[in-house]
Amino acid sequence: MSAHTIFDKAPIGSVIAWSDGSPQPPVRFNKKLAAWQTNNSRGRLIRKQGSRGVGNISLSAYFTLHEADYGAGGVIAIRVHRAFSVESRLHFTIVERPAVGSVRVFDRAGDDAELVYLATNEADAKEWLTRHGYPHAVLEDVTADEVGADIVEGRTAA
């Protein structure tokens, strides 16, 4: 799929893989493998931002994927996010869609909202919020309509 298709069709909370189509180098080549992993990995879709203009500059729409967390002892020190323009030449695949009935926890309301947690149900989401400081958090249910849209329209998602 193209980046534009992911932007249009993938629901927030989906796991998305991206690839440049090149074969994975052997593990013994550390630098080549690290470079390959930059263009061949996966992450959870946490945000979509439409195109916008800043002065005379027009910025295209993009989406953000949460790739990884690094830390120790239950403390996250580094959070890795990757943003992709809808004009990206990489190939994308929807690996997993959020389960129907799960609940998305956004950091705030509005177009700039970012997914901070995908809960299994509303009780899980509320319990998670008691342990994490998001005073303006918004909960949103995952519905069968958005997850099954491609199947209903006769297309496959992945």
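The values are calculated or read from the model by the stated rules, or taken from the named source; none is laboratory data. Remember, predicted model here, so these are calculated numbers, not experimental data. FYI the Cβ positions are ideal-geometry reconstructions off the backbone, even for glycines, and counts take in every protein chain you see.
I'd like to verify a number: residues in segment 28-64 that are more than 30 Å from V105 (Cα to Cα) and in a helix (DSSP H, G or I), how many?
The qualifying residues number 7.
Tell me which residues, restricted to segment 94-133, are in contact (Cβ under 8 Å) with a residue 60 or more places away in the chain, β-branched (V, I, T) and surrounded by fewer than 15 Cβ atoms within 10 Å (Cβ to Cβ).
V95
Going by the conditions given, is I57 β-branched (V, I, T) and either modelled with pLDDT of 90 or more or crowded, with 17+ Cβ neighbours inside 10 Å (or both)?
no
So, G21, is that one within 22 Å of the chain's Cα centre (by Cα), in contact (Cβ under 8 Å) with a residue 60 or more places away in the chain and loosely packed, with under 11 Cβ neighbours inside 10 Å or not?
yes
Looking at (1) at pLDDT below 95; (2) of a type in the set (A, V, I, L, M, F, W, C); (3) touching a Phe, Trp or Tyr at 6+ places or on another chain (Cβ under 7 Å); (4) surrounded by 14 or more Cβ atoms within 10 Å (Cβ to Cβ), which is the only condition A77 fails?
(4)
Residue-wise test of (1) in contact with a Lys or Arg (Cβ under 7 Å, 6 or more places away or on another chain); (2) part of a loop (DSSP other than H, G, I, E, B); (3) at pLDDT below 90; (4) not small (G, A, S).
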| site | (1), (2), (3), (4) |
| --- | --- |
| V105 | no, no, no, yes |
| R108 | no, yes, no, yes |
| A113 | no, yes, no, no |
| A123 | no, no, no, no |
| K126 | no, no, no, yes |
| P135 | no, yes, no, yes |
| E146 | no, no, yes, yes |
| A158 | no, yes, yes, no |
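Look at S88 and say whether it is over 25 Å from S2 (Cα atoms) and of a type in the set (S, T, N, Q).
no
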